[in-house]
Amino acid sequence: GELMAKIDKSDWTDVELDEYGDFVMAADGDLGLVYENDALGQDIAHRVLTVPGSLPETGDDPDMDEADDPVDEYGAGLQRFLHSELNAAGLREMLRLARGETSKEGRVRRDLIEVQPVGVEQKGLDLLIRVQLADGSTAESEVEVGT
């Protein structure tokens, strides 16, 4: 079989957010946390929904954000499709933008990114983004992009 790379995911932790971007509270009253591949999935959702140029400058280099991307290039801005009429051209553009932005995430295999529409109904559209990592594991994120 093919050898899979080992990945240190010990620092892949983030505050858990619900589908509206609000903090999730843990049973003990603290903020909920997500770890490892779940944290990556949440990072991907944030990446594709963020408007390019909207992240604050951080760190030593004012032109780079916390993900080491140029601040004006991070994000696909898919939320601009919220409340817009869904048609075939718009769907193709959403899929293209989501795939392109996800491919910038350094932790994923760029050749193994799936982006597919799910929940296409009156209430809206979600995109399911599924990625594979070098260790063979997968991460996924369901992103609400249209209503």
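Just so you know, all these numbers are worked out from the coordinates, no wet-lab data involved. The structure presented is a predicted model; accordingly, all values stated were derived computationally and were not measured. Here the Cβ positions follow ideal geometry from the backbone for every residue, glycine too, while neighbour counts run over all protein chains shown.
Can you give the extra length, in nm with one decimal, that the chain gains between A88 and S103 once fully stretched, where that is 0.36 nm per residue apart less the Cα-Cα distance? Show your work: numbers first, answer last.
Working: separation 15, 0.36 × 15 = 5.40 nm, distance 2.26 nm.
That works out to 3.1 nm of additional length.
Can you give the local net charge around D8? Use residues other than it whose beta-carbon is closer than 13 angstrom to its beta-carbon, Lys and Arg +1, Asp and Glu -1. Local charge sum for D8: 0.
Computed from the alpha carbon positions, the gyration tensor of the range 1-41 leads to an equivalent ellipsoid with semi-axes of 28, 11, 7 Å, biggest first. Other residues whose C-beta falls under 10 angstrom from the C-beta of A134 contribute a net charge of +2, scoring Lys and Arg +1 and Asp and Glu -1.
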